[in-house]
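Below is one structure, written out as structure tokens; the observations come after it.
The values are calculated or read from the model by the stated rules, or taken from the named source; none is laboratory data. Fair warning: this is a prediction, and the values are worked out from it, not measured in the lab. With ideal geometry, Cβ positions are generated from the backbone for all residues, glycine too; neighbour counts draw on all protein chains shown. Each accessible area value is taken on the protein alone, full model and side chains, heavy atoms only, with ligands, DNA and RNA left out. Shrake-Rupley method; radii C 1.70, N 1.55, O 1.52, S 1.80 Å.
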Amino acid sequence: MAASQVGTDDYALARVPASARYSWWSVATQRFGQISALSQFLLGATLGFGMDFWTAFWALTLGAVILELVAILIGIIGAREGLQTSVIARWTGFGQAGSSLIGLAIGISLIGWFGIQSAVSAAGLSSLVGVLPTWGWSLAFGLAVTLVVLRGFHSMAWVAYVTVPAFLILVGWSIISELSNHSLGALTSAAPPGPELSLLQGTTLVAGGFIVGAVITPDMTRFNRGVGDVVKQTLLGITLGEYVIGLSGVLLAHAVGSANVITIVTSSVGWVGTLVIILGTMKINDWNLYSSGLGIVNFIGTVFGRHVNRAVVTLVVGILGSLLAAGGILGKFTDFLIVLGVAFPPIAGIMVAEYFVVKRWRPELDQTREHGTLPATAPTWVPATIVIWIGAALIGKYVEWGLPSINSLVVGFAAYVVAGKLGLIRGVGTSRTMDSEQTEPTAVPATS
């Protein structure tokens with residue numbers, strides 16, 4: 001089967017042209033869909049179990065501000081350049097080889113979470129519908145999401161138009177059903193039902209819970225029409241996601257004295273609760289798979305010098321993730337995926353530092369942007385960046401003071417700026433950008 005028959009390449013290694021960009025509302029719907037997911041529901045419940053309402057409110061507020069700042073800055077780079085995260089990294093401090101490592105890390109991390117999320121939905125479907133065993137639903141759900149992602153951003157936008165409102169309606173129904181038996185005033189003034197969490201711990205949970213999503217923001221914002229669109233959709237999507245879903249989880253945890261809101265929701269409203277699980281998983285899982293495919297395409301392109309079709313890669317990793325979910329072995333990789341997540345914040349810090357402050361390779365991007373092409377070459381390695389990346393990730397992992405994800409991000413940013421001012425940011429070797437990356441096969445045009 002020809003690659004073009006599988007799905008669209010969706011500008012995997014090229015700039016997204018103006019004709020294929022979308023309205024800010026279309027992209028914002030998908031951004032909100034990422035944040036208003038089950039993981040956010042569970043995060044809110046975790047906060048509510050260990051915090052009073054107003055302390056949880058401030059933890060969500062501080063965490064949202066951190067995420068918005070990161071997502072806006074790196075999202076602006078994506079919108080200006082029209083490039084996905086791991087491709088931009090070639091000219092924002094990491095070089096050709098370093099960007100391949102980023103692509104591989106993104107690919108492994110997100111395909112892992114794709115499988116885990118598929119398994120969560122499969123458990124709900126198995127208990128509600130039966131018919132198939134859990135492993136069968138894992139395969140069916142994973143493959144259904146894969147088919148959506150094959151058609152690229154256009155198809156995912158339409159899925160978001162359906163799933164986001166449906167998810168909000170069903171969540172509202174389930175929350176009202178449970179909270180109608182309680183006094184809202186009593187819930188907002190009640191002491192936490194579980195072991196106490198500090199404001200610092202809560203903010204860490206909020207910021208760390210979506211930091212990987214913030215780092216890969218360019219995968220989404222490359223379809224935006226301008227910088228203002230990035231700011232609007234980020235403020236709307238992240239703020240509403242954190243408050244609407246996060247605070248709902250806080251109130252539910254206070255109402256029932258438990259952090260397990262999934263059990264609460266499904267037991268209180270039955271099949272509606274299971275639909276909440278399915279829709280909540282689908283809204284974020286399509287982006288897990290989409291960004292995983294983009295990262296792997298960049299890895300293959302830089303390491304093997306081949307431009308493989310994004311849709312083909314998506315099909316392969318979607319099937320792989322579905323099989324792993326069906327096999328029930330992905331839970332064993334959760335700790336590994338969390339460790340991988342520690343390495344993501346410094347990537348954003350370094351990319352922002354290079355693009356906005358150091359600007360070692362910024363002129364090359366500026367010169368080719370108006371022509372819709374990529375710079376002819378990129379540095380192969382930037383040794384100082386690799387050292388900064390590893391050092392910042394280790395600080396995030398082992399330094400106990402402050403917010404781990406923010407520590408590593410700030411250290412990555414500051415260290416890169418200092419190294420740049422000292423003239424230590426130098427490329428080693430030169431890699432030619434493939435001719436096939438200068439143009440892109442026809443994709444589905446934007447319609448909204």
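Values as computed for the structure displayed
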{"read-out": "Ratio Rg/Rh, restricted to segment 55-123 and using Cα atoms, in which Rh is the Kirkwood radius", "value": "1.11"}
{"read-out": "Cα coordinate range in segment 352-435, projected on the principal axes (Å, largest first)", "value": "46, 25, 25"}
{"read-out": "HN-Hα J in Hz across segment 67-77 - Karplus 6.51, -1.76, 1.60, θ = phi - 60°, x for Gly and Pro", "value": "5, 5, 4, 5, 5, 5, 5, 6, x, 4, 4"}
{"read-out": "Other-chain or far-sequence residues with amide H under 5 Å of Arg21's (modelled H)", "value": "Ala446"}
{"read-out": "The chain: angle of helix 344-353 to the longest principal axis, Cα-based, in degrees nearest 10", "value": "50 degrees"}
{"read-out": "Scattering curve values for segment 290-425, log₁₀ I(q)/I(0), Debye with Cα scatterers, q = 0.17 Å⁻¹", "value": "-1.12"}
{"read-out": "Of Ala191, Ala255, Ala353, the one that fluctuates the most in a GNM where the chain has Cα springs shorter than 10 Å", "value": "Ala191"}
{"read-out": "More than 13 Å apart - percent of Cα-Cα pairs taken over segment 38-81", "value": "62 percent"}
{"read-out": "Rg ratio (alpha-carbon, reference 2.2 N^0.38 Å) - segment 1-159", "value": "1.25"}
{"read-out": "Among Ile76, Ile300, Ile278: highest mean-square fluctuation, GNM of the chain, C-alpha pairs under 10 Å", "value": "Ile300"}
{"read-out": "Inter-label distance, nm, simple model (7 Å from Cα along the C-beta direction), Ser127/Trp401", "value": "4.4 nm"}
{"read-out": "From phi via Karplus (6.51, -1.76, 1.60), per-residue ³J(HN,Hα) for segment 201-211 in Hz, x at Gly/Pro", "value": "5, x, 5, 4, 4, 5, 5, x, x, 10, 5"}
{"read-out": "Net dipole in debye of the chain [+1 Lys, Arg Cβ; -1 Asp, Glu Cβ; about Cα centre; nearest 20]", "value": "760 debye"}
{"read-out": "Fraction of accessible area attributable to carbon and sulfur, the chain (%, probe 1.4 Å)", "value": "69 percent"}
{"read-out": "Mean Cβ count within 10 Å, highest first, over the residues of peptides 111-119, 180-188, 17-25", "value": "111-119, 17-25, 180-188"}
{"read-out": "Rounded to 10°, Cα long-axis angle of helix 247-256 versus longest principal axis of the chain", "value": "30 degrees"}
{"read-out": "Theoretical FRET efficiency, 1/(1+(r/R0)^6), r = Cβ-Cβ of Phe356 and Val162, R0 45 Å, to 0.05", "value": "0.75"}
{"read-out": "Amide proton proximity set for Thr380, modelled H, under 5 Å, gap of 5+", "value": "Gln96, Val428, Gly429, Thr430, Ser431"}
{"read-out": "Accessible area of Asp52 in the full protein assembly, 1.4 Å probe (Å², nearest 10)", "value": "50 Å²"}
{"read-out": "Whole-number accessible area per residue in Å² for the chain, which is evaluated in the context of all protein chains at 1.4 Å", "value": "38 Å²"}
{"read-out": "Centre separation in Å (Cα based) which lies between segment 93-113 and segment 308-330", "value": "17 Å"}
{"read-out": "Percent of Cα-Cα distances greater than 25 Å, calculated over segment 115-274", "value": "46 percent"}
{"read-out": "Burial order of peptide ranges 422-432, 165-175 (average beta-carbon count within 10 Å, highest first)", "value": "165-175, 422-432"}
{"read-out": "Against the rule of thumb 2.2 N^0.38 Å, how large the Cα Rg of segment 149-240 comes out", "value": "1.47"}
